[in-house]
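Enquirer: My questions will all concern the structure given below.
The values are calculated or read from the model by the stated rules, or taken from the named source; none is laboratory data. Worth saying up front: this structure is predicted, and the values here are computed from it rather than measured. Positions of Cβ are backbone-derived with ideal geometry, glycine not excepted, and every protein chain shown enters the neighbour counts. Please note that ligands, DNA and RNA were not included when accessible areas were found on the heavy atoms of the full protein model with its side chains. Shrake-Rupley method; radii C 1.70, N 1.55, O 1.52, S 1.80 Å.
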Amino acid sequence: MFTTREFQKLLEEIRTECEQFAKLATIFVIKPYNSAVGAEVGSIFLETPNEEEAITLLEGMIGKFYNGR
């Protein structure tokens, strides 16, 4: 499991990578205590201000890997 510092670093890295393509409104990571949401622990959800930003982000991230995934 991540320490608070490691988790903050992960969020910063995700934001930096994604904002090469679009603005982000929210980053949400499923943690063990909120896994009842129905997604796998460790899943990352990104929210953009509008649909155009979301499409741009999706297109920019196609084929990208993060930490070997």
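Enquirer: Which one is farthest from A54 (Cα to Cα), of the residues in the stretch 15-32 that are surrounded by 15 or more Cβ atoms within 10 Å (Cβ to Cβ) and modelled with pLDDT of 90 or more?
Expert: Top of the filtered list is I27.
Enquirer: Now, a different point. When residues of the stretch 33-69 are filtered for being modelled with pLDDT of 90 or more, assigned to a loop (DSSP other than H, G, I, E, B) and either open to solvent by 70 Å² or more (accessible area, probe 1.4 Å) or among the aromatic types (F, W, Y) (or both), how many remain?
Expert: The total comes to 3.
Enquirer: Those residues that are closer than 15 Å to L58 by Cβ and outside any loop (DSSP other than H, G, I, E, B), I need them from the stretch 1-26; list them, please.
Expert: Once the filter is applied, which keeps residues that are closer than 15 Å to L58 by Cβ and outside any loop (DSSP other than H, G, I, E, B), the stretch 1-26 yields I14, E17, C18.
Enquirer: Which ones in the stretch 1-14 are open to solvent by 80 Å² or more (accessible area, probe 1.4 Å) and over 14 Å from the mean Cα position of the chain (by Cα)?
Expert: M1, F2, T4, R5, E6
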